[in-house]
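Visitor: Handing you a structure now.
The values are calculated or read from the model by the stated rules, or taken from the named source; none is laboratory data. Treat the numbers as computed from the prediction; the structure is a model and nothing was measured. So basically every Cβ, Gly included, is an ideal-geometry build from the backbone, and we count neighbours across all protein chains shown.
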């Protein structure tokens, strides 16, 4: 989509609120009334469940810049999931009341909002499809490709920000299975693991492996 016009950008900047969130600190709560559209500007935030008497259960993570919750505020209830910063993160809050005013003032913003919502739904549908129809190795490879942002057919690298047990939880596997799958991909010559740094040695082959 074309960049925002100067007057649109100024109006949007006047409406947003930015907050720096320390690693491990809450970003959203299911007990919190949803009044803002929330995005991760920079950093990594985990979505899941945070019971009062148990550790945070991570279900998926969102790396900025990306919307964290673009839907709950429109429904008038509470946020659908708890969220915790995995590392120090910059979070953006955009009041839904301000969005309604901006759309009235700048009608083209509605297309941008619908595009962002559609992108979020498409991404969630992909996650659901992978969990239901792909085996554990395919899910891991798809996760590695997505986390690295790999867009070439050569090599790519990423540094893991989440704990391995949190990655395993997102993939619906055990940490032991995650370690075994990493070793298998290493033996196949597709990745190289050095602590928390992973080199994707053959992105084209990994894409082929993750396909249905």
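Visitor: Is one or more of the residues making up the stretch 1-10 closer than 20 Å to residue 96 by Cβ, surrounded by 14 or more Cβ atoms within 10 Å (Cβ to Cβ) and modelled with pLDDT under 95?
Guide: yes
Visitor: Name, by its number, the condition in (1) more than 28 Å from residue 68 (Cβ to Cβ); (2) surrounded by 14 or more Cβ atoms within 10 Å (Cβ to Cβ) that does not hold for residue 140.
Guide: That leaves (1) as the condition not met.
Visitor: It is to be established whether one or more residues within the stretch 112-124 are under 26 Å from residue 174 (Cβ atoms) and at pLDDT below 90.
Guide: yes
Visitor: Listed residues 140, 201; which is modelled with pLDDT of 90 or more and over 17 Å from the mean Cα position of the chain (by Cα)?
Guide: Going through 140, 201 in turn, just one is modelled with pLDDT of 90 or more and over 17 Å from the mean Cα position of the chain (by Cα): 201.
Visitor: Name the residue, out of 181, 158, 185, that is outside any helix (DSSP H, G or I) and surrounded by 14 or more Cβ atoms within 10 Å (Cβ to Cβ).
Guide: 158
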